[in-house]
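The values are calculated or read from the model by the stated rules, or taken from the named source; none is laboratory data. Computed from a predicted structure; not experimentally measured. For neighbour counting, all protein chains shown are included, and Cβ atoms are generated from backbone atoms with ideal geometry for every residue, glycine included. Accessible surface is based on the protein model in full, side chains and every heavy atom, while ligands, DNA and RNA are left aside. Shrake-Rupley method; radii C 1.70, N 1.55, O 1.52, S 1.80 Å.
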Amino acid sequence: NLNILAKISLCVVFVFLFCGCDVLYGILDKRGAEEKEIVGEVNLVDINYNIVEIQILLKLYGYDPGTIDGVLGLKTRDMIARFQKDNDLEPSRFVDKDTWQKLEVFKVNGFVVDSKLNVKQVQSALKAAGFNPGRIDGRSGFKTESAIRRFQKTSGLKADGKVGYKTLSALSEFFKEDTED
């Protein structure tokens, strides 16, 4: 056993000396290394805008990460884990590639633009789903909120009128790239 331990120690030293800390970190802590690839360097002095974006998206989807401050604190980590669990991902509390992809999915299809809900896109999807949101104008008025509640109820979601991750997922089925106003 001592011989095996010596070989492992020698390999760790070799990797550290010839490949650097990042490679060693990647070997020892795969999740942390993958997160570092996505969010970049994290320190207590500078705001990390990738983390700010993660916090904004979590909050937009109904997961309260606390203060939007660019820090991966306890509350943000808790919300990452809850988001992962709700989306059938391993609740590791780290932003891995699968988590990042799920967080960004609504930016790709236009439901989230400039870190805000694209109400016009939501209205278009509601209309395509057969729920009249009123005029498709990008404003969330009474008719839009009523259509959201009816859509949620029909889709088996909590009919609270809030457009979170589950509602956006259900609305995505009715996404049309060239929607008519």
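Quick notes on this structure:
- The residue of segment 83-104 that is nearest to Leu171 (Cα to Cα), among those that are free of Cβ contacts under 8 Å to residues at least 40 places away in the same chain, part of a helix (DSSP H, G or I) and open to solvent by 40 Å² or more (accessible area, probe 1.4 Å), is Lys102.
- Criterion (at pLDDT below 95 and either open to solvent by less than 70 Å² (accessible area, probe 1.4 Å) or assigned to a loop (DSSP other than H, G, I, E, B) (or both)) met by exactly one of Asp178, Asp137: Asp178
- Of all the listed residues (Tyr49, Tyr61), the sole one being among the hydroxyl-bearing types (Ser, Thr, Tyr), modelled with pLDDT of 90 or more and open to solvent by 50 Å² or more (accessible area, probe 1.4 Å) is Tyr49.
- Number of positions in segment 140-159 that are of a type outside the set (A, V, I, L, M), farther than 18 Å from Gly62 by Cα and not in a loop (DSSP other than H, G, I, E, B): 6
- Unique residue being farther than 21 Å from Asp64 by Cα and either small (Gly, Ala, Ser) or open to solvent by less than 50 Å² (accessible area, probe 1.4 Å) (or both) when the list is Ala159, Ala128: Ala128
- Within segment 67-82, the set of residues being outside any loop (DSSP other than H, G, I, E, B) and small (Gly, Ala, Ser) comprises just one member, Ala81.
- Asp114 vs. criteria over 25 Å from Arg139 (Cα atoms), of a type in the set (D, E, K, R) and over 13 Å from the mean Cα position of the chain (by Cα): no
- Scan of segment 105-119 for residues that are surrounded by fewer than 18 Cβ atoms within 10 Å (Cβ to Cβ) and part of a helix (DSSP H, G or I), ordered by number: Val105, Lys107, Val108
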